[in-house]
1. Give me the lysines in straight-line cross-link reach of residue 151: C-alpha distance below 22 Å, same-chain residues under 8 apart excluded.
2. Using only helices, what value at 222 nm comes out for the chain when you add -39,500 (n - 2.57) per DSSP H run of length 4 or more and divide by the total residues, to the nearest 500 deg cm²/dmol?
3. Classify segment 8-93 as rounded, prolate or oblate from the Cα gyration tensor: take a ≥ b ≥ c as the square roots of its eigenvalues, call it rounded if a/c is under 1.5, otherwise prolate when a/b beats b/c and oblate if not.
4. Would you be so kind as to identify which of 99, 125, 11 lies farthest towards the positive end of the dipole of the chain, taking Lys and Arg as +1 and Asp and Glu as -1 on Cβ and the Cα centre as origin?
5. Can you give the charge dipole size of segment 18-71 about its Cα centre, rounded to the nearest 20 debye, using +1 on the beta carbon of Lys and Arg and -1 on the beta carbon of Asp and Glu?
6. To the nearest 20 debye, what charge dipole does segment 97-164 have about its Cα centre, counting +1 at the Cβ of each Lys and Arg and -1 at the Cβ of each Asp and Glu?
7. With the cut-off at 1.5 for a/c, could you classify segment 97-164 from its C-alpha gyration tensor as rounded, prolate or oblate?
Amino acid sequence: MDKNLCDEKLYKQVFDTYAKDLKRFLFFKFNDLETAEDVLQETFLKLWKNCDKVVFSKVKSYLFTLANNAFLDVKKHEKIVRNYSNNYVEKQKTHSPEFLMIEQEFLEKVEKAIAELPEKQREVFMMSKIEKMKYKEIAAKLGISVKAVEKRMRNALINFKEKIDHPF
């Protein structure tokens with residue numbers, strides 16, 4: 001019969017036996033004593049939570065596997081944070097205050113141009129560009145021909161281009 005790791009004395013014996021080597025292993029991996037100690041504690045906490053499932057003869061392998069997996073998780077998380085930070089910095093560079101102001105002015109111009117379209121043109125424009133409906137779907141919804149939708153859309157685009165001074 002295998003020994004039960006849920007016995008506190010046996011658990012303490014396992015800790016005393018493997019903690020020092022595991023801490024060295026983690027320090028070697030992280031090159032940071034504080035992180036190594038944190039992961040060491042998490043590793044033994046997981047062992048305690050799963051004490052009834054871990055076979056005593058495999059406890060050393062289990063501990064080092066948990067520790068290595070924790071190391072990989074931390075590194076994966078650091079990579080995600082690094083990528084996010086790099087993307088954020090790049091966006092900040094390309095989105096200067098001047099760019100943001102110009103973008104805001106353009107968006108206001110677009111909204112105003114849409115609002116000033118005649119109602120039938122605006123309706124078709126919004127269904128096509130905002131709701132991503134096909135001309136056939138718009139025609140069916142409005143009870144008009146596809147040709148009528150095409151004509152309204154063409155006129156809407158002409159009016160829109162004139163109002164925002166920006167070609168499409």
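Values quoted throughout were computed directly from the atomic coordinates according to the rules given, and no laboratory measurement underlies them. Here the structure is a predicted model, which means the values were calculated and not measured. Cβ sites come from the backbone with ideal geometry, for glycine too, and all protein chains shown count toward neighbours.
1. Residue 151 reaches 112, 120, 129, 132, 134, 136, 141, 161, 163.
2. So the helix-based figure for the chain works out to -26500 deg cm²/dmol.
3. Prolate, since a/c reaches 1.5 and a/b exceeds b/c.
4. Of the candidates, 125 comes out farthest on the positive side.
5. 300
6. Dipole about the Cα centre, nearest 20: 600 debye.
7. Because a/c hits 1.5 or more and a/b exceeds b/c, segment 97-164 counts as prolate.
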